[in-house]
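Novice: Dumping the structure here so I can ask a few things about it.
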Amino acid sequence: QVQLVESGGGLVQPGGSLRLSCAASESIFSFYRFSWYRQAPGTQREWVATITSWDTTIYADAVKGRFTISTDDAKNLVYLQMNSLKPEDTSVYYCNARKGSPQVDYWGQGTQVTVSS
């Protein structure tokens, strides 16, 4: 049974930094790729960043240059380092993990990030 547990959200001021963590219940090597999504109240869920099994990273334009997705394979952790945070980054952030053969997506419970002065 795959489980993803997110943590690290909280309240930060504009320009501040925060690091989100996603703990996977099994080896990182079990997954094809990991992504972070976010969803603000009244909006649709938005893709933020992805890291593939070959360690290629891609980012949404809104966060490019400010956010970094990475993994710690030994600890079964996926991170989202968020720098230069803006009020528009305020959202619930979700971890997504994908397996193949067959393709299946798994989701974390979400962690709240609030950027406000």
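The values are calculated or read from the model by the stated rules, or taken from the named source; none is laboratory data. Model, not experiment: these values are computed from the prediction. In this analysis, Cβ positions are derived from the backbone assuming ideal geometry, glycine residues included, and neighbour counts consider all displayed protein chains. With ligands, DNA and RNA removed, areas are computed over all heavy atoms of the protein, side chains included. Shrake-Rupley method; radii C 1.70, N 1.55, O 1.52, S 1.80 Å.
Novice: Once the other residues with Cβ under 10 Å from the Cβ of Ala60 are scored (Lys, Arg +1; Asp, Glu -1), what is the net sum?
Specialist: For residues surrounding Ala60, the net value is 0.
Novice: Further, regarding this structure: For labels at Gln3 and Asp72 in the simple 7 Å Cα→Cβ model, what's the distance in nm?
Specialist: 1.9 nm
Novice: Can you give me the three principal axis dimensions of the chain from its C-alpha atoms, in Å, biggest first?
Specialist: Projected onto the principal axes, the Cα atoms of the chain cover 44, 26, 24 Å.
Novice: Whose amide H sits under 5 Å from the amide H of Arg33, counting only residues 5 or more places off or on another chain, with H placed in the peptide plane?
Specialist: Arg98
Novice: Express the accessible area of the stretch 1-77 per residue in Å², computed with a 1.4 Å probe while the remaining protein chains stay in the model.
Specialist: With the other protein chains kept in place, the stretch 1-77 gives 56 Å² per residue.
Novice: Among the chymotrypsin sites (Phe, Trp or Tyr not before Pro) within the stretch 42-82, which fall in a DSSP loop and have no more than 15 other Cβ atoms within 10 Å of their own Cβ?
Specialist: Here the chymotrypsin sites (Phe, Trp or Tyr not before Pro) that fit, given the DSSP loop and packing criteria, are Trp54.
Novice: Loop only by DSSP, 12 or fewer other Cβ within 10 Å of the Cβ. Give me the trypsin sites (Lys or Arg not before Pro) in the stretch 43-101 that pass, ordered by residue number.
Specialist: Lys64
Novice: Need one number: % antiparallel among DSSP beta bridges in the chain, to the nearest 5.
Specialist: For the chain, the DSSP antiparallel bridge percentage is about 95.
Novice: Students often forget the sequence filter, so: which aspartates and glutamates lie under 20 Å Cα-Cα from Lys86 once same-chain residues fewer than 8 apart are removed?
Specialist: Glu46, Asp61
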